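Here the structure is laid out as C-alpha cells; the discussion comes afterwards.
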Amino acid sequence: MNIEELHLNYSFVESMLIAFIRNEIRKFGFQSAVLGLSGGIDSAVVCELAARALGPENVLAMLMPYRTSSAASLEHAEIMVEKTGVRSETVDISPVVDAFFAPNVEASLLRKGNVMARTRMLYLYDISARDSRLVVGTSNKTELLLGYGTLFGDMASAVNPIGDLYKTQLWGLARHLGVPEPLVEKVPSADLWEGQSDEADLGFSYGQVDLLLYMMLEQRMGREAVLREGVDGGFYDRVRKMVVRNQYKRMMPVIAKISSRTPGIDFRYARDWQEM
C-alpha cells in the first residue's frame with residue numbers, strides 16, 4: 001500500500017462539507033459560526049469551508065495566541081482571515097493561563113498545554129453565547145483516533161466538518177481549496193509551547209500512521225495482514241493501543257441507564273423529537 005490509497009475526490013468532499021456545515025448550523029436555528037484559527041492547516045481548511053458555506057460575514061475566527069506561541073502562527077492565521085474575508089478577533093490567553101498556574105509554576109508542559117487548549121475553548125463558547133454562534137471544530141480523524149487532543153479543549157465543538165478526514169487527506173483538501181502554501185507546507189504543530197511539533201510528540205509521521213489506520217479501520221485488516229504489508233509489529237501494537245485507550249475521548253459522557261428513555265441511548269433527536 002502507499003499514500004495514494006488515501007486520496008479522495010476533493011471537489012465532491014468540498015461540496016459535501018459545505019452542505020454539511022450549512023445544514024448543521026441552520027437546522028437548529030443558527031446562522032453563524034465561530035472557530036479557533038491557529039494558523040495551522042486544520043483550522044485553515046475549516047475556516048475556508050465555513051466561509052463558503054455560510055458567507056464570510058457569518059463566520060468569526062478567533063486568534064488566541066499564548067506568549068510563547070510562534071509569531072508565524074499568528075501571521076498565518078491572519079493570512080487566512082484576509083483570504084476568506086471572515087471577521088476576526090484576537091485574544092491573548094497568556095494572563096488567564098499564567099494566573100491558573102501561578103500557584104504551581106512547575107507544572108508540566110502537558111498540563112500547561114491542556115489548560116491552553118481549554119482556555120481557548122472557554123473563549124469560543126463565551127463568544128458562542130455572546131453572538132448566538134455555533135462552535136465549529138477543527139480536529140481531524142487522525143487526531144481523534146489517536147486521542148491526540150485535549151478533551152473539552154480543542155476536541156470540543158458543536159459541529160466538526162473534518163473529523164472523518166485523515167491528516168494526509170486534509171493536506172489534499174487544503175490544496176484543492178487554495179489554502180496558501182506557507183500553511184500547507186509548515187510542520188504540523190499545536191503550537192502549545194516553543195518548538196513543539198505533532199510528529200515529534202507522536203514519534204511517527206502522519207503519512208505512516210494514516211496508512212496504518214486506513215488498513216485497520218477502512219480495510220478492517222487484522223494484525224497479521226497489516227504486518228504482511230511491511231508494517232512493523234511494534235508500531236502496529238502501539239497505534240492500536242492508542243486507538244483503544246482513547247475511545248473515551250470520542251464519546252459523550254456515559255449515562256447510567258435507569259429509565260426506558262435515556263438521553264443519547266433511547267431518546268435521540270431528531271428521530272424522537274416528533275413524538276413529544
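Each value in this text was obtained by applying a stated rule to the coordinates, not by laboratory testing. Since the structure is predicted, the reported quantities are computational estimates derived from the model, not experimental observations. Quick reminder, even Gly has a Cβ in these numbers, built from the backbone with ideal geometry, and neighbours come from all protein chains shown.
Here is how the numbers come out for the structure above:
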{"item": "Cα gyration tensor shape for the chain, rounded if a/c is under 1.5, else prolate or oblate", "result": "rounded"}
{"item": "Cβ-placed point charges (K, R +1; D, E -1), dipole of segment 3-252 about Cα centre in debye, nearest 20", "result": "860"}
{"item": "Segment Ala200-Met242, extension gain: residue separation times 0.36 nm, minus the distance between their alpha carbons", "result": "13.5 nm"}
{"item": "The chain: most fluctuating residue of Asp191, Asp42, Asp131 per GNM, C-alpha cutoff 10 Å", "result": "Asp131"}
{"item": "Residues with amide H under 5 Å from that of Leu63, placed H, sequence gap 5 or more", "result": "Leu37, Glu89, Thr90, Val91"}
{"item": "Peptides ranked, highest mean first, by Cβ atoms within 10 Å: ranges 17-27, 164-174", "result": "164-174, 17-27"}
{"item": "Under 17 Å between alpha carbons - lysine pairs in segment 3-252 that sit 8 or more apart or on different chains", "result": "5"}
{"item": "Projected-area mean, segment 45-153, by convex hull of Cα positions, square nanometres", "result": "7.6"}
{"item": "Computed helical MRE - 222 nm, the chain, DSSP H runs ≥ 4 contributing -39500 (n - 2.57), nearest 500", "result": "-14500 deg cm²/dmol"}
{"item": "Packing-based ranking, highest mean first, of 243-255, 143-155 given that Cβ atoms within 10 Å are counted", "result": "143-155, 243-255"}
{"item": "Tyr10 versus Arg67: modelled label distance in nm, points set 7 Å from Cα along the beta carbon direction", "result": "4.0"}
